[in-house]
Amino acid sequence: MTKRSILANSISRRTALQGLTATTALAAMPFRATAQSNTTLRWWSPQGSPAQVAAYEFQIARFQALHPEITVVFETTSDEGYAPQLAAAFSSGEVPDIVTHLPSFAAQSYYANGLIEPFNDVIEAIGADDYYEGANNVFMAADGNYCGTGIGNSAANMMWLRTDLMEQAGIENAPTTWDEMRAAMAAMQGGGIYGAPLPYGSNSMTSLIFIGFIHQAGGQVFSPDLDVALDNEGTRHALEFYREMRQYCPPGATNYSWGESLTAFVSGATATGIYTGRVLANVRDQNPGIADHVTCVTYPRMSADIAPWTFNDFPSVFIPAQSQNKDAAKMFAAFLFDPEGYIMQLHAAPGHVLPVLRSINDNPMYQDNDIIQRYPAEVDLMAASAAGGFNLGYESAAHASNDKAGEIIGSNVISELVQRVVLNDDNVDEALGAASATIEGIMQG
């Protein structure tokens, strides 16, 4: 069995490169900001792998060569720790000047509280017509302004598969439903290999991944009008299935977050994974022996008549309102999309953060990458899935934008619901009632 056969019914491959080259973001800058001499910009991001930092340093060096009066300093935050770090910064007034790679719902929450700047003019500087259609919808705030823009797209809950283990277990097709998934896990688990690295810890990954399971069961956390709707049949089915899946996950999954889940699949400890395209580069670098046996599909759902639901956190870029260097920050934010540096940044984790600009995706420099060329079907599937993806701040095309989503995720109310029902065997009615009340309180707060 080849990984191509797994994807045959999921996507069609790109027929030809258009060979277009992107234009420089600064060339059409609608504003000409003049920074004061010796301006220092602080740039925060939770994405700080060595390859990514090298790309950031390249972008910084090129920008500073054009603007020697500006110094840019990169500082790493963390996926789990950015909320308290930014809360402390906003409280003290010692804010970064630009923040990247936080989820769109975080940007919406900060904007609703007056903490970040409108981003409209930066989007115009980048080139509003170059974005994929609807790419900035998730950043549209209630007042009609954009609170930020996407630095990339992500398909954070793809199912990663080991086709060699599938073949050994006699599994011909990738699972598309939960029944097929249960059967596949049972067949592939054994010999020190577990079925899946699902998270069960009290953290954001468990919350975000489980919201996907709710939608994959036909449920939702909110109604389209943002009434709390967590207690529904979809959520109850998702809790039961998540409980059943615990037996196919490593013992340490009780405390898993993003890093542990990724490592479990890349190391070969699990037959499937759930993550973005970072899997591909990590397999290449850390476990090349399985590189020819790795592929991905959209995550299974309860039944075939339920549409796939891909979690895209819409990694963002925004500017805090308390920044004393807003003009310079806007210049630098637009410059992050300059083709050479932006492509280098995307190539630092190919498939993990996907381009938001059509011209970049079609640029031969972007296509000239070993991961993108080795796994074109997987990258295409992730790009298509992410483009139609959602998150708690944007649950469906019918849902209003939820600027309280960041607070809800930060509260861990969803992950604690999972722990109560799945790990502690608490009463489902009571646990759902308590979780719903907590979410209602956040919405009204």
Task: Subset of segment 118-133 [in a helix (DSSP H, G or I), open to solvent by 10 Å² or more (accessible area, probe 1.4 Å), in contact (Cβ under 8 Å) with a residue 12 or more places away in the chain and farther than 16 Å from Gly144 by Cβ] - done: Ile126, Asp130
Open item on the list: For Met344, only one of the following conditions fails: (1) open to solvent by 10 Å² or more (accessible area, probe 1.4 Å); (2) over 20 Å from Phe63 (Cβ atoms); (3) touching a helix residue (DSSP H, G or I) at 6+ places or on another chain (Cβ under 7 Å). What is its number?
Closed with: (2)
TODO: With the checklist (1) more than 23 Å from Pro46 (Cα to Cα); (2) out of contact with any Phe, Trp or Tyr (no Cβ under 7 Å at 6 or more places or on another chain); (3) open to solvent by 20 Å² or more (accessible area, probe 1.4 Å) in hand, flag the one item Arg358 doesn't pass.
DONE: (2)
TODO: Go through segment 210-299 and tell me which helices (runs of 4 or more DSSP H), entirely inside it, have 2 or more residues that are of a type in the set (Ser, Thr, Tyr) and open to solvent by less than 40 Å² (accessible area, probe 1.4 Å).
DONE: 233-245
TODO: Identify the single condition in (1) under 27 Å from Trp44 (Cα atoms); (2) in contact (Cβ under 8 Å) with a residue 60 or more places away in the chain that Ile442 does not satisfy, given that it satisfies every other one.
DONE: (2)
Task: Any chance Val422 is touching a Lys or Arg at 6+ places or on another chain (Cβ under 8 Å) and open to solvent by 30 Å² or more (accessible area, probe 1.4 Å) - done: no
Open item on the list: Filter segment 45-73 down to the residues that are open to solvent by 30 Å² or more (accessible area, probe 1.4 Å) and aromatic (Phe, Trp, Tyr) and list them by number.
Closed with: Phe58
TODO: May I ask you to list the residues in segment 102-116 that are surrounded by fewer than 22 Cβ atoms within 10 Å (Cβ to Cβ) and in contact with a helix residue (DSSP H, G or I) (Cβ under 9 Å, 6 or more places away or on another chain)?
DONE: Asn113, Leu115
Task: helices (runs of 4 or more DSSP H) wholly inside segment 1-117 that include at least 2 residues being of a type outside the set (Ser, Thr, Tyr), more than 21 Å from Asn312 (Cβ to Cβ) and modelled with pLDDT under 95 - done: 3-7, 50-66, 82-92
Open item on the list: So Ala384 passes all but one of these: (1) surrounded by 21 or more Cβ atoms within 10 Å (Cβ to Cβ); (2) within 17 Å of the chain's Cα centre (by Cα); (3) not charged (D, E, K, R). Which condition number does it fail?
Closed with: (1)
- [ ] Report, by residue number, each residue of segment 189-209 that is among the aliphatic types (A, V, I, L, M), open to solvent by less than 20 Å² (accessible area, probe 1.4 Å) and over 19 Å from the mean Cα position of the chain (by Cα).
- [x] Ala196
Open item on the list: Can you find, within segment 146-173, the residue that is most open to solvent (accessible area, probe 1.4 Å) among those that are more than 23 Å from the chain's Cα centre (by Cα) and not acidic (Asp, Glu)?
Closed with: Gln168
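Yes or no: segment 152-167 includes at least one residue that is assigned to a helix (DSSP H, G or I) and in contact with a Lys or Arg (Cβ under 6 Å, 6 or more places away or on another chain).
The answer is yes; a qualifying residue exists.
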TODO: Under 8 Å between Cβ atoms, at least 6 apart or on separate chains: pull out the pairs that start in segment 274-288 with a residue that is more than 11 Å from Met382 (Cβ to Cβ) and end on any residue that is small (Gly, Ala, Ser) and modelled with pLDDT of 95 or more.
DONE: Ile274/Ala196; Ile274/Ser261; Val283/Ala291; Arg284/Ala291; Gln286/Ser267; Asn287/Ser267; Asn287/Gly268
TODO: Output the residue which, of all residues in segment 74-87 that are without any contact (Cβ under 8 Å) to a residue 60 or more places away in the chain and open to solvent by 60 Å² or more (accessible area, probe 1.4 Å), is nearest to the chain's Cα centre (by Cα).
DONE: Thr76
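Specify which of the listed residues (Lys330, Lys326) is touching a helix residue (DSSP H, G or I) at 6+ places or on another chain (Cβ under 6 Å) and open to solvent by 10 Å² or more (accessible area, probe 1.4 Å). If you could, list the steps in order and put the result at the bottom.
Details: Lys326 fails: touching a helix residue (DSSP H, G or I) at 6+ places or on another chain (Cβ under 6 Å).
Result of the check over Lys330, Lys326: Lys330.
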- [ ] Within segment 168-175, identify whether any single residue is charged (D, E, K, R) and not in a loop (DSSP other than H, G, I, E, B), and answer yes or no.
- [x] no
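The values are calculated or read from the model by the stated rules, or taken from the named source; none is laboratory data. Computed from a predicted model, the values in this text were never measured in an experiment. Don't worry about glycine lacking a Cβ; one is built from the backbone with ideal geometry, like all the others, and counts go over all protein chains shown. These accessible areas exclude ligands, DNA and RNA; they are computed on the full protein's heavy atoms, side chains included. Shrake-Rupley method; radii C 1.70, N 1.55, O 1.52, S 1.80 Å.
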